[in-house]
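Colleague: Got a structure for you, written out below as structure tokens; questions coming shortly.
The values are calculated or read from the model by the stated rules, or taken from the named source; none is laboratory data. Keep in mind that what you see is a predicted model, and the values were worked out from it rather than measured. Cβ placement follows ideal geometry from the backbone for every residue including glycine, while neighbour counts extend to all protein chains displayed.
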Amino acid sequence: MKKAIHGIILAFSILISLSVSANGDLKFGKKTSYVDKIGMYRYFQGVVYNKGQKAMQFVKIKMFFYDRRGKLLRIESTYTDPSTIAPAKIIIRNRKRIKLYGKATYTFMIDSSLRYKTYRIEANCSIK
């Protein structure tokens, strides 16, 4: 029974570590995190791409933090910078079609004393 529960918790941890987008056109890019020099805050920074054909407006990013048992500890939210992410566009360079995606960044700051095991990120927005 213990092995089955451990397997469920492990599978849950892997599942919630994946980036989830509320809109199929928004995709998460590179994510980093670090603790400030005095050890008080942990920063999470990342990039969101708009792969769609319409601008995404007021893009809100949410982070859900979980303990080792999968219990939700905290939810944090922020908006991207810029708040409107341009749509994807195609350019021709040297006779090659190149698709460029709209891009925005986000930053979270949490108390470094939060003892979380894993987190999940999601994005919500309005279509302009």
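Colleague: I'd like to verify a number: residues in segment 42-51 that are loosely packed, with under 15 Cβ neighbours inside 10 Å and among the hydroxyl-bearing types (Ser, Thr, Tyr), how many?
Modeller: 1
Colleague: Quick one: count up the residues across segment 106-128 that are surrounded by fewer than 16 Cβ atoms within 10 Å (Cβ to Cβ) and outside any strand (DSSP E or B). Quick ask: steps written out before the conclusion?
Modeller: Within segment 106-128, the subset surrounded by fewer than 16 Cβ atoms within 10 Å (Cβ to Cβ) is 107, 109, 111-115, 124, 126-128.
Applying the additional criterion that residues be outside any strand (DSSP E or B) yields 112-115, 128.
Total meeting the criteria: 5.
Rundown of residues vs (1) assigned to a strand (DSSP E or B); (2) without any contact (Cβ under 8 Å) to a residue 60 or more places away in the chain; (3) surrounded by fewer than 16 Cβ atoms within 10 Å (Cβ to Cβ), yes/no style:
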{"position": "Thr32", "(1), (2), (3)": "yes, yes, yes"}
{"position": "Ile38", "(1), (2), (3)": "no, yes, yes"}
{"position": "Gln53", "(1), (2), (3)": "no, yes, yes"}
{"position": "Lys60", "(1), (2), (3)": "yes, no, no"}
{"position": "Arg69", "(1), (2), (3)": "no, no, yes"}
{"position": "Thr78", "(1), (2), (3)": "yes, yes, yes"}
{"position": "Ile92", "(1), (2), (3)": "yes, yes, yes"}
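Colleague: Do we find that Lys96 is surrounded by 10 or more Cβ atoms within 10 Å (Cβ to Cβ), modelled with pLDDT under 95 and among the basic types (Lys, Arg) in this structure?
Modeller: Working: surrounded by 10 or more Cβ atoms within 10 Å (Cβ to Cβ): no; modelled with pLDDT under 95: yes; among the basic types (Lys, Arg): yes.
It is false that Lys96 is surrounded by 10 or more Cβ atoms within 10 Å (Cβ to Cβ), modelled with pLDDT under 95 and among the basic types (Lys, Arg).
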